[in-house]
Amino acid sequence: MVSSALYLLALASLALAENERQLGFPFFVPKIGDWKCQKVVMNGSYAYNSITRPEGERYYYTYTPTTQVRAVVLNLHHLSGYCEGFRRQSCIVTGAEENGWLVVTPCGLPGFLRWNSWNAGSCCQTNKDIDDYGFMRDLIATVRPHADIPVYAVGYSNGGMMAEGLLCRNMITRVVSVSGIITEGQDGLAACRSSYKHSAGARIGHVHGLLDILVPYTSGPASLVFNFPSVAGDMQTWASNMACGEPSETSRSIFDFEEWHGCDKGAKVVLVRNNLGGHFWWEVDAFSTSQFPINMLKD
(Lines give C-alpha, C1' and ligand atoms only; values in the text may rest on other atoms or scores of the structure.)
Protein backbone atom coordinates (compact mmCIF):
# COMPACT_ATOMS: atom_id res chain seq x y z
CA MET A 1 0.00 0.00 0.00
CA VAL A 2 2.88 2.36 0.82
CA SER A 3 4.50 1.56 -2.54
CA SER A 4 1.26 2.35 -4.38
CA ALA A 5 0.95 5.67 -2.59
CA LEU A 6 4.57 6.55 -3.40
CA TYR A 7 3.81 5.77 -7.04
CA LEU A 8 0.86 8.18 -7.01
CA LEU A 9 2.93 10.89 -5.33
CA ALA A 10 5.60 10.71 -8.01
CA LEU A 11 3.14 10.56 -10.91
CA ALA A 12 2.08 14.06 -9.93
CA SER A 13 5.35 15.18 -11.49
CA LEU A 14 4.10 14.48 -15.04
CA ALA A 15 7.10 15.26 -17.31
CA LEU A 16 10.41 13.36 -17.44
CA ALA A 17 13.47 15.49 -16.74
CA GLU A 18 16.82 15.59 -18.51
CA ASN A 19 19.31 12.87 -17.65
CA GLU A 20 22.11 14.96 -16.14
CA ARG A 21 23.86 14.13 -12.89
CA GLN A 22 20.76 12.32 -11.73
CA LEU A 23 20.95 9.75 -8.96
CA GLY A 24 17.54 8.25 -9.57
CA PHE A 25 14.56 8.40 -11.92
CA PRO A 26 13.54 12.09 -12.01
CA PHE A 27 10.43 14.11 -12.83
CA PHE A 28 9.91 17.83 -13.29
CA VAL A 29 7.88 19.91 -10.86
CA PRO A 30 4.25 19.89 -12.14
CA LYS A 31 3.43 23.52 -12.82
CA ILE A 32 0.38 25.51 -13.91
CA GLY A 33 1.04 28.82 -15.65
CA ASP A 34 4.08 30.56 -17.15
CA TRP A 35 7.36 30.01 -15.32
CA LYS A 36 8.76 33.45 -16.20
CA CYS A 37 11.30 33.38 -13.39
CA GLN A 38 13.34 30.65 -15.12
CA LYS A 39 14.18 33.16 -17.85
CA VAL A 40 15.96 35.52 -15.43
CA VAL A 41 19.70 35.79 -16.15
CA MET A 42 21.79 35.10 -13.05
CA ASN A 43 25.27 36.61 -12.61
CA GLY A 44 26.49 34.52 -9.69
CA SER A 45 28.24 31.16 -9.86
CA TYR A 46 27.09 27.54 -9.55
CA ALA A 47 29.18 24.73 -8.08
CA TYR A 48 28.55 21.01 -7.66
CA ASN A 49 30.12 19.39 -4.58
CA SER A 50 29.81 16.48 -2.19
CA ILE A 51 30.37 15.54 1.42
CA THR A 52 31.05 12.08 2.82
CA ARG A 53 28.38 10.60 5.06
CA PRO A 54 27.78 7.14 6.61
CA GLU A 55 25.36 6.41 3.74
CA GLY A 56 28.02 7.41 1.17
CA GLU A 57 28.79 10.51 -0.85
CA ARG A 58 26.04 13.14 -0.71
CA TYR A 59 25.87 15.73 -3.46
CA TYR A 60 24.61 19.29 -3.62
CA TYR A 61 24.64 22.42 -5.77
CA THR A 62 25.44 25.88 -4.53
CA TYR A 63 24.60 29.21 -6.10
CA THR A 64 26.85 31.98 -4.78
CA PRO A 65 25.63 35.53 -5.44
CA THR A 66 27.87 38.36 -6.52
CA THR A 67 26.78 40.23 -3.38
CA GLN A 68 27.87 39.51 0.19
CA VAL A 69 26.33 36.33 1.63
CA ARG A 70 23.87 37.22 4.40
CA ALA A 71 21.91 33.95 4.67
CA VAL A 72 21.95 30.34 3.49
CA VAL A 73 18.79 29.02 1.79
CA LEU A 74 18.26 25.27 1.43
CA ASN A 75 16.28 24.44 -1.73
CA LEU A 76 14.65 21.01 -1.25
CA HIS A 77 13.17 19.03 -4.13
CA HIS A 78 10.12 16.75 -4.18
CA LEU A 79 9.75 12.96 -4.31
CA SER A 80 11.13 11.93 -7.73
CA GLY A 81 12.73 15.37 -8.05
CA TYR A 82 16.39 15.92 -8.75
CA CYS A 83 18.79 18.60 -7.67
CA GLU A 84 20.11 19.47 -11.13
CA GLY A 85 16.63 20.47 -12.27
CA PHE A 86 15.16 21.82 -9.03
CA ARG A 87 17.97 24.33 -8.56
CA ARG A 88 16.38 26.15 -11.51
CA GLN A 89 12.73 25.06 -11.21
CA SER A 90 12.08 26.56 -7.77
CA CYS A 91 13.48 29.95 -8.92
CA ILE A 92 14.62 30.77 -5.37
CA VAL A 93 17.97 31.81 -6.89
CA THR A 94 16.25 34.84 -8.45
CA GLY A 95 16.16 36.36 -4.97
CA ALA A 96 19.80 35.58 -4.22
CA GLU A 97 21.47 38.74 -5.52
CA GLU A 98 19.16 41.24 -3.83
CA ASN A 99 19.12 39.39 -0.51
CA GLY A 100 22.64 37.97 -0.34
CA TRP A 101 21.51 34.33 -0.33
CA LEU A 102 23.84 31.40 -0.75
CA VAL A 103 21.33 28.95 -2.27
CA VAL A 104 22.10 25.29 -1.59
CA THR A 105 20.21 22.59 -3.50
CA PRO A 106 20.89 19.17 -1.91
CA CYS A 107 20.33 15.90 -3.77
CA GLY A 108 18.03 13.28 -2.29
CA LEU A 109 18.88 9.59 -2.63
CA PRO A 110 16.97 6.98 -4.67
CA GLY A 111 14.36 4.95 -2.82
CA PHE A 112 11.27 3.17 -4.16
CA LEU A 113 11.57 2.71 -7.97
CA ARG A 114 14.81 4.73 -7.71
CA TRP A 115 12.85 7.93 -7.15
CA ASN A 116 14.96 10.47 -5.29
CA SER A 117 13.44 11.33 -1.93
CA TRP A 118 14.00 12.54 1.62
CA ASN A 119 13.58 10.64 4.87
CA ALA A 120 11.44 13.30 6.52
CA GLY A 121 9.82 10.81 8.91
CA SER A 122 6.78 8.91 7.68
CA CYS A 123 7.48 10.03 4.08
CA CYS A 124 9.00 9.43 1.59
CA GLN A 125 12.38 7.63 1.56
CA THR A 126 11.77 3.89 1.84
CA ASN A 127 15.30 3.23 3.14
CA LYS A 128 14.88 4.36 6.73
CA ASP A 129 18.60 3.90 7.44
CA ILE A 130 19.26 7.10 5.50
CA ASP A 131 19.60 10.00 7.94
CA ASP A 132 18.69 13.04 5.88
CA TYR A 133 18.48 15.29 8.93
CA GLY A 134 22.06 14.31 9.69
CA PHE A 135 22.96 15.12 6.09
CA MET A 136 21.39 18.56 6.41
CA ARG A 137 23.23 19.22 9.66
CA ASP A 138 26.58 18.31 8.06
CA LEU A 139 25.75 20.24 4.91
CA ILE A 140 24.90 23.40 6.84
CA ALA A 141 28.17 23.10 8.76
CA THR A 142 30.04 22.76 5.45
CA VAL A 143 28.52 25.63 3.46
CA ARG A 144 27.72 28.19 6.17
CA PRO A 145 30.35 30.96 6.06
CA HIS A 146 30.15 31.54 9.83
CA ALA A 147 27.88 30.68 12.74
CA ASP A 148 25.89 33.93 12.86
CA ILE A 149 24.67 33.52 9.27
CA PRO A 150 20.98 32.45 9.41
CA VAL A 151 19.76 29.37 7.53
CA TYR A 152 16.36 29.13 5.82
CA ALA A 153 14.66 26.50 3.66
CA VAL A 154 12.11 26.23 0.88
CA GLY A 155 10.76 22.84 -0.15
CA TYR A 156 8.14 21.31 -2.40
CA SER A 157 6.08 18.24 -1.37
CA ASN A 158 8.53 15.79 0.27
CA GLY A 159 11.01 18.69 0.31
CA GLY A 160 8.44 20.79 2.19
CA MET A 161 8.10 18.01 4.76
CA MET A 162 11.87 18.04 5.17
CA ALA A 163 11.93 21.83 5.50
CA GLU A 164 9.28 21.84 8.23
CA GLY A 165 11.14 19.04 10.02
CA LEU A 166 14.30 21.14 10.00
CA LEU A 167 12.41 24.00 11.63
CA CYS A 168 10.97 21.64 14.25
CA ARG A 169 14.56 20.58 15.03
CA ASN A 170 15.82 24.19 15.28
CA MET A 171 18.29 23.69 12.42
CA ILE A 172 16.85 26.65 10.49
CA THR A 173 14.76 29.71 11.37
CA ARG A 174 12.55 30.40 8.33
CA VAL A 175 10.65 28.03 6.06
CA VAL A 176 8.36 27.99 3.06
CA SER A 177 6.61 24.65 2.56
CA VAL A 178 4.81 24.11 -0.76
CA SER A 179 2.41 21.13 -0.57
CA GLY A 180 4.37 19.82 2.42
CA ILE A 181 3.42 18.93 6.00
CA ILE A 182 4.90 17.91 9.36
CA THR A 183 5.09 14.12 9.18
CA GLU A 184 4.20 11.41 11.74
CA GLY A 185 0.62 12.59 12.33
CA GLN A 186 -0.47 13.86 15.75
CA ASP A 187 2.67 12.45 17.35
CA GLY A 188 4.75 14.47 14.90
CA LEU A 189 2.88 17.66 15.72
CA ALA A 190 3.33 17.04 19.45
CA ALA A 191 7.03 16.30 18.99
CA CYS A 192 7.47 19.53 17.03
CA ARG A 193 5.73 21.56 19.73
CA SER A 194 8.00 19.95 22.32
CA SER A 195 11.31 20.33 20.47
CA TYR A 196 10.89 23.74 18.86
CA LYS A 197 12.76 26.65 20.46
CA HIS A 198 11.40 29.96 19.26
CA SER A 199 13.89 32.53 17.98
CA ALA A 200 13.52 36.15 16.90
CA GLY A 201 12.34 36.72 13.35
CA ALA A 202 11.20 33.13 12.74
CA ARG A 203 8.81 32.58 9.82
CA ILE A 204 6.73 29.82 8.27
CA GLY A 205 4.89 30.18 4.97
CA HIS A 206 2.74 27.31 3.71
CA VAL A 207 1.16 26.91 0.26
CA HIS A 208 -1.40 24.13 -0.20
CA GLY A 209 -4.13 23.11 -2.61
CA LEU A 210 -7.53 22.39 -1.09
CA LEU A 211 -8.00 19.55 -3.61
CA ASP A 212 -4.60 17.92 -3.02
CA ILE A 213 -5.05 14.13 -2.81
CA LEU A 214 -1.34 13.33 -2.45
CA VAL A 215 -0.72 15.40 0.68
CA PRO A 216 -4.39 16.00 1.60
CA TYR A 217 -5.51 19.34 2.98
CA THR A 218 -7.80 17.69 5.53
CA SER A 219 -7.62 13.89 5.20
CA GLY A 220 -7.62 11.13 2.62
CA PRO A 221 -6.07 7.74 1.79
CA ALA A 222 -2.57 9.23 1.62
CA SER A 223 -3.06 10.68 5.11
CA LEU A 224 -3.63 7.17 6.44
CA VAL A 225 -0.77 5.57 4.50
CA PHE A 226 1.83 8.19 5.43
CA ASN A 227 0.32 9.39 8.71
CA PHE A 228 -0.09 13.00 7.57
CA PRO A 229 -1.90 15.46 9.85
CA SER A 230 -4.24 18.05 8.37
CA VAL A 231 -2.95 21.38 7.11
CA ALA A 232 -5.04 23.03 9.84
CA GLY A 233 -3.22 20.98 12.47
CA ASP A 234 0.11 21.84 10.89
CA MET A 235 -0.58 25.58 10.92
CA GLN A 236 -2.02 25.51 14.44
CA THR A 237 1.21 23.89 15.59
CA TRP A 238 3.31 26.66 14.07
CA ALA A 239 1.01 29.39 15.41
CA SER A 240 1.35 27.84 18.87
CA ASN A 241 5.13 27.44 18.52
CA MET A 242 5.48 31.11 17.65
CA ALA A 243 2.93 32.30 20.24
CA CYS A 244 0.63 33.92 17.69
CA GLY A 245 -2.81 35.38 18.20
CA GLU A 246 -5.82 34.90 15.94
CA PRO A 247 -5.54 34.87 12.14
CA SER A 248 -7.22 37.09 9.57
CA GLU A 249 -8.05 36.09 6.01
CA THR A 250 -8.07 37.85 2.66
CA SER A 251 -8.81 36.47 -0.80
CA ARG A 252 -7.61 37.04 -4.35
CA SER A 253 -9.07 35.02 -7.20
CA ILE A 254 -9.03 31.34 -6.16
CA PHE A 255 -6.48 31.96 -3.38
CA ASP A 256 -7.13 32.62 0.31
CA PHE A 257 -4.37 34.19 2.41
CA GLU A 258 -4.48 33.51 6.14
CA GLU A 259 -2.01 35.32 8.41
CA TRP A 260 -1.67 34.99 12.18
CA HIS A 261 -1.14 38.20 14.15
CA GLY A 262 0.74 39.23 17.28
CA CYS A 263 3.34 36.47 17.00
CA ASP A 264 6.15 36.56 19.56
CA LYS A 265 9.55 38.04 18.68
CA GLY A 266 8.39 39.33 15.31
CA ALA A 267 7.53 35.90 13.93
CA LYS A 268 5.37 35.46 10.85
CA VAL A 269 2.94 32.61 10.08
CA VAL A 270 1.12 32.62 6.71
CA LEU A 271 -1.02 30.06 4.88
CA VAL A 272 -1.89 30.36 1.18
CA ARG A 273 -4.80 28.10 0.27
CA ASN A 274 -5.56 27.37 -3.39
CA ASN A 275 -9.26 26.52 -3.43
CA LEU A 276 -9.11 24.84 -6.84
CA GLY A 277 -5.58 23.50 -6.63
CA GLY A 278 -4.14 20.05 -6.18
CA HIS A 279 -0.50 19.00 -5.82
CA PHE A 280 0.82 21.61 -8.25
CA TRP A 281 3.13 24.64 -8.44
CA TRP A 282 1.02 27.61 -9.60
CA GLU A 283 2.46 30.56 -11.56
CA VAL A 284 -0.53 32.79 -12.40
CA ASP A 285 -1.35 36.50 -12.16
CA ALA A 286 -3.14 36.08 -8.82
CA PHE A 287 -0.28 34.19 -7.16
CA SER A 288 3.28 33.10 -7.92
CA THR A 289 4.50 30.10 -5.95
CA SER A 290 8.06 31.06 -6.91
CA GLN A 291 7.81 34.65 -5.66
CA PHE A 292 6.09 33.77 -2.38
CA PRO A 293 9.19 32.14 -0.78
CA ILE A 294 11.33 35.11 -1.75
CA ASN A 295 8.89 37.50 -0.09
CA MET A 296 8.58 35.30 3.01
CA LEU A 297 12.28 34.69 3.57
CA LYS A 298 13.78 38.09 2.82
CA ASP A 299 14.37 40.73 5.51
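The values are calculated or read from the model by the stated rules, or taken from the named source; none is laboratory data. Since the model is a prediction, treat every value here as computed from it, not as a measurement. FYI the Cβ positions are ideal-geometry reconstructions off the backbone, even for glycines, and counts take in every protein chain you see.
At-a-glance table
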| read-out | value |
| --- | --- |
| Among the residues listed as 72, 93, the single one being out of contact with any Gly (no Cβ under 9 Å at 6 or more places or on another chain), at pLDDT 95 or above and closer than 21 Å to residue 162 by Cβ | 72 |
| Residue in the stretch 123-140 that is closer than 22 Å to residue 32 by Cβ and either of a type in the set (Phe, Trp, Tyr) or surrounded by fewer than 24 Cβ atoms within 10 Å (Cβ to Cβ) (or both) present | no |
| Helices (runs of 4 or more DSSP H) fully within the stretch 54-150 counting 2 or more residues that are touching a Pro at 6+ places or on another chain (Cβ under 8 Å) and aliphatic (A, V, I, L, M) | 132-143 |
| Residue within the stretch 209-219 that is under 21 Å from residue 298 (Cβ atoms) and modelled with pLDDT of 95 or more present | no |
| All positions within the stretch 59-83 that are of a type outside the set (S, T, N, Q) and surrounded by 24 or more Cβ atoms within 10 Å (Cβ to Cβ) | 73, 74, 76, 77, 78, 79, 81, 82 |
| Residue list for the stretch 286-299, filter: assigned to a loop (DSSP other than H, G, I, E, B) and touching an Asp or Glu at 6+ places or on another chain (Cβ under 9 Å) | 289, 290, 298 |
| Among the residues listed as 40, 103, the single one being out of contact with any His (no Cβ under 9 Å at 6 or more places or on another chain) and within 18 Å of residue 177 (Cβ to Cβ) | 103 |
| Number of the condition not met by residue 151 [criteria: (1) at pLDDT below 95; (2) touching a Leu at 6+ places or on another chain (Cβ under 8 Å); (3) farther than 25 Å from residue 222 by Cβ] | (1) |
| Residue that is farther than 19 Å from residue 260 by Cα and at pLDDT 95 or above, where the choices are 172, 181 | 172 |
| Residues (at pLDDT 70 or above, outside any strand (DSSP E or B) and farther than 17 Å from residue 78 by Cβ) located in the stretch 12-47 | 34, 36, 37, 39, 40, 41, 42, 43, 44 |
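Every residue, every condition in (1) more than 23 Å from residue 98 (Cα to Cα); (2) of a type in the set (Lys, Arg), yes or no:
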| site | (1), (2) |
| --- | --- |
| 39 | no, yes |
| 43 | no, no |
| 63 | no, no |
| 73 | no, no |
| 81 | yes, no |
